[in-house]
Amino acid sequence: MAGVDTNKITAAATAVMKTLENLSNEERERVLQSVSTLYGIAPISISPEEREQQNLQNGGELSRQPTHKGKRQSVVEFLNEKQPATNSQRIALFAAYREQIEAKGSAFARRDLEPYFASAKLPNPGRNYDRDFVKAVKAGWIHEDGANSYLTQAGETAVKKGFGGKASPRGARSGRKKAAADKAK
């Protein structure tokens, strides 16, 4: 590339990447589309198949573009795939679903995730919702910051791995607790 200053391009690309690093994928895409429009540059578009391939190459991000003729995964399908055992795990999963499948961005308020229980035909945790949300925060899956709360990297990993069997569903007791309860009888 004659006449192209690669140092200048590298510096500009680094500055752009640093500027975009705290944005969601949707926000990044919007910024880049806006800039390409302002500068009269044709946007680079890729097919859903190419995007999915890139996601797999980038560590298997949660991004789920429609793969079956435009149909996206439902919240029930996502729950069945990941099998969360507790409401706090479900809340983290809803945050991932909202961001990655519905493409609503990474920021949400505490109450934004509550309606997903009804969408998934699960019992509403009612007044226990706040307790369960706080448990998701304490587990490190969600960072709470008002309307700018977000799923953390640990939360994304936990959802991706299906929580790795962590936490038994309510009512299940560990062997030690059960033995202690049986001994007390």
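The values are calculated or read from the model by the stated rules, or taken from the named source; none is laboratory data. On a predicted model such as this, the values are computed, not experimentally measured, just so you know. Reconstructed Cβ throughout: ideal geometry from the backbone, glycine too, with neighbour counts over all protein chains shown. Just the protein is used for accessible areas: all its heavy atoms, side chains included, with ligands, DNA and RNA removed. Shrake-Rupley method; radii C 1.70, N 1.55, O 1.52, S 1.80 Å.
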For E81, the accessible surface traced by a 1.4 Å probe with all protein chains present amounts, in square angstrom to the nearest 10, to 90 Å²
Using only protein heavy atoms and a 1.4 Å probe, report how much of D5 is accessible, in Å² to the nearest 10.
80 Å²
Each residue of the stretch 18-31 in turn: what ³J(HN,Hα) in whole Hz from Karplus with 6.51, -1.76, 1.60 and θ = phi - 60°, glycine and Pro shown as x?
5, 5, 8, 4, 8, 9, 6, 4, 5, 5, 4, 4, 5, 4
Could I have the simple spin-label model distance between T37 and K138, label points 7 Å from Cα toward Cβ, reported in nm to one decimal?
4.6 nm
Pull up all non-local amide H partners of S149: gap of 5 or more, or a different chain, and H-to-H distance under 5 Å with H placed in the peptide plane.
F108
Amide H partners (placed H, <5 Å) of I142, local residues excluded
V137, T152
Cross-link pairs K82/K104; K71/K121; K18/K82; K71/K104; K82/K121; K18/K160 - those with Cα-Cα distance over 22 Å
K18/K82; K18/K160
In percent, what relative contact order does the stretch 97-163 have, based on Cα pairs under 8 Å that are 6 or more apart in sequence?
32 percent
